[in-house]
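The values are calculated or read from the model by the stated rules, or taken from the named source; none is laboratory data. Quick caveat, the model's predicted, so the values are computed rather than measured. Note that we place each Cβ from the backbone using ideal geometry, even for glycine, and neighbour counts take in every protein chain shown. Each accessible area value is taken on the protein alone, full model and side chains, heavy atoms only, with ligands, DNA and RNA left out. Shrake-Rupley method; radii C 1.70, N 1.55, O 1.52, S 1.80 Å.
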Amino acid sequence: MRIKGMNSQAVIQFAKERGARTVNFKLVDIRGTWQHFSTPIRELEGLGVLVETQHHEVGAPEQAEIDVRFNTSLQTTDNMMLYKYAVKNTARKHGKAATFSPKSVFDDNGSETHIHQCLWKGEHSLFYDPEGYASLSQIARYYVGGLLTHAPASLALVAATTNSYKHLMPGYEAPVNLVFSKSNRSAAVRISLTESSATNHIEFRPPDPTANPYLLCSVLTIRTIQKGEKAILGPILAARMAIQVIS
């Protein structure tokens, strides 16, 4: 099978020739599945929620991820509520059910709510320092220190159900280590690969979709303020949430 080196148009044509149905230029829906999320994305955009990207996730064939564009803490939590509402109702309209359960399929990857966080001043990320580990600034390290110091207590809100802990197990790309690391999915805090003054940020991985987004984002903000430097600027958050669709 030849995919590497092909442009997007060639990939779409390749898929069509093998019986796939083209939904749009973002994703190809293989016959017999409900992997495309074009409809809920249109609904979300109609509600004013900007979607950055969508893709199939590494779990069961029905698992997918929709990434919402970053915004202020409050706006991001509002967007997360609209996100769930749009996805669940779109699935129901098509005779299916969408679940945000952290671990809905045994021995398979679960669903998470990764919270990408950053402090900005003007057009620049305060988390960026080209001399720091993974280009993290001192402010960023204080911020991460707050997250890690208070992580055990924070889990009461960010991973709020019994099912949450069926997901937080070694393997399955689950964040089971209370550390921060560059591009390490087993770390509680993962540092972005985009090292620049415009995009440097960190990702807090333990939360799952059962968390109340308002309590989730509030506790993350409070915990970072309580450690070291005073984070007087409002954090910019982006949510990435995985969904599974059940026929």
Out of T72, T53, T99, T90, report the one residue that is among the hydroxyl-bearing types (S, T, Y), touching a helix residue (DSSP H, G or I) at 6+ places or on another chain (Cβ under 8 Å) and in contact (Cβ under 8 Å) with a residue 12 or more places away in the chain.
T90
Which of the residues spanning segment 155-195 are small (G, A, S), open to solvent by 40 Å² or more (accessible area, probe 1.4 Å) and either on the phi < 0 side of the Ramachandran plot or assigned to a strand (DSSP E or B) (or both)?
A156, A160
Might you let me know whether segment 80-103 holds any residue that is exposed (fewer than 15 other Cβ atoms within 10 Å of the Cβ) and closer than 18 Å to I191 by Cβ?
no
Without any contact (Cβ under 8 Å) to a residue 40 or more places away in the chain, open to solvent by 10 Å² or more (accessible area, probe 1.4 Å) and of a type in the set (G, A, S): does that describe G132?
yes
For T77, are the conditions met, namely being touching a Phe, Trp or Tyr at 6+ places or on another chain (Cβ under 7 Å), among the β-branched types (V, I, T) and either crowded, with 20+ Cβ neighbours inside 10 Å or modelled with pLDDT of 85 or more (or both)?
yes
Selected residue [touching a strand residue (DSSP E or B) at 6+ places or on another chain (Cβ under 6 Å) and either more than 22 Å from L215 (Cβ to Cβ) or without any contact (Cβ under 8 Å) to a residue 24 or more places away in the chain (or both)] from S111, S125
S125
Sole miss for H116 among (1) open to solvent by less than 30 Å² (accessible area, probe 1.4 Å); (2) outside any strand (DSSP E or B) is condition (2)
Quick check on my filter: what residues within segment 61-103 are in a strand (DSSP E or B), within 19 Å of P213 (Cα to Cα) and small (G, A, S)?
A98
Picking from V58, V49, which residue would you name as being open to solvent by 60 Å² or more (accessible area, probe 1.4 Å), on the phi < 0 side of the Ramachandran plot and not in a strand (DSSP E or B)?
V58
